[in-house]
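A short write-up of the structure that comes next.
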Amino acid sequence: MVPLWWYILLGVVLFVIGGAGVLLRRNILVVLMSLELLLNSVNINFIAFGRYYGDFRGQIFAIFVIAITAAEVAVALGILVALVRNKSTLKVDDVTMMKG
Amino acid sequence: MDQGFFLLFATVSVIAALMVVLARNPVHSALALMACFLNISAIFVLLEAPLLAVIQIFVYVGAIMVLFVFVIMMIDVREAVLQRFLPGVDLPALVLLVLLGVEMFVLVLWSDRFSVTEPVAMRGGDEIRQLSTTLFSDYLLPFEVASVILLAALVGAIVLARKEQR
């Protein structure tokens, strides 16, 4: 049987890689994809803990996380399309319209 | 047996995740992310959560990644491919990431709460039925709220991406 901490460690590694993508990359599309990676690593943790402690709530929370992620991606890509149409840039650094 | 499969899927998913972050071309990132999601759904199967594995493939690979690829095709990414990779690495962010990783690593290895090797026996058979009963009785209100959020996101995405008529 696979010990629990292997799954947790996999979640940690994927989380750090996703965080690196969000913090270090400048392309908005890649930042959004790294965000998906972050949410997925959290899902692994939810399901692993739910399985090893015999609790369904882990899986139920993972379902909610997936639903909210779908909503988030739809809105984010809508904003991205509007942004490219108005400013024609894909770099995070160029989007400073909300800066005072 | 289980451990071998876990190591295989975990290695491939970590390599795919690295490719998502390191690839220059957003199309390559999207394809690597798809591979990563497929491997994570295989890990869900190893965790005996077949419903979640199927949902993962349907929602992430089937819907979200198609949305991403669609938007990449709509937008001209040729300029993004040419731009210099990691223009001036952000040192504070890098230090923060390394600290975060080391901290979580040490916590996982030190704490004895994570060293469980045998899962608690499930309450016998037909897990999906029990899961759905719990979801639709105890968690009915959050479920309805999630569906309203999805509807609001649908309307919001259409309004945001629509061309303004003048």
Unit charges at the beta carbon, dipole of the protein assembly as shown: most positive-side option, B:Val116, A:Trp6, B:Ile158:
B:Ile158
Bounding extents of the protein assembly as shown in its principal axis frame from Cα atoms, largest first in Å, are 61, 41, 34
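Nearest 20 debye, what's the magnitude of the dipole of chain B about its Cα centre given +1 on Lys and Arg Cβ and -1 on Asp and Glu Cβ?
Working: 9 positive and 13 negative charges, 147 e Å.
So the magnitude is around 700 debye.
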With 0.36 nm assigned to each residue of separation and the Cα-Cα distance removed, B:Asp90 to B:Val12 gains 25.3 nm
Just to compare against my own numbers: the Cα pair-distance distribution for segment B:1-84, 10 Å bins, whole % per bin, please.
18, 42, 28, 11, 2
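With N set to the number of residues, divide the alpha-carbon radius of gyration of chain B by 2.2 N^0.38 Å and report two decimals. Present the calculation step by step, with values, prior to reporting the outcome.
Working: Rg = 20.7 Å, N = 166, 2.2 N^0.38 = 15.3 Å.
So chain B has a normalised radius of gyration of 1.35.
Kyte-Doolittle cut-off 0.0, length cut-off 18 Å along the helix's own axis using Cα: show which whole DSSP H helices in chain B pass.
Details: long enough: B:2-22 (30 Å, 2.06); B:26-46 (30 Å, 1.90); B:91-110 (28 Å, 2.57); B:140-161 (32 Å, 2.46).
Span-like helices, by this rule, are B:2-22, B:26-46, B:91-110, B:140-161.
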Using a cut-off of under 15 Å, list every residue of segment B:34-55 whose amide N is near the label point 7 Å from the Cα of B:Met1 along the Cα-to-beta-carbon line.
B:46-48
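How big is the charge dipole of segment B:126-166 about its Cα centre, in debye rounded to the nearest 20, if each Lys and Arg gets +1 on its Cβ and each Asp and Glu gets -1 on its Cβ? Kindly include the intermediate steps, with their values, before the conclusion.
Numbers: 4 positive and 5 negative charges, 100 e Å.
In debye, rounded to 20, segment B:126-166 gives about 480.
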To make sure I understand the rule: partners must be lysines, Cα under 16 Å from the Cα of B:Lys163, and not fewer than 8 residues away in the same chain. Which ones qualify?
A:Lys87
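Values quoted throughout were computed directly from the atomic coordinates according to the rules given, and no laboratory measurement underlies them. Note that the structure is a prediction, hence the values are computed from the model and not measured. When we count neighbours, we look across all protein chains shown, and the Cβ atoms used for this are built from the backbone with ideal geometry, even at glycine.
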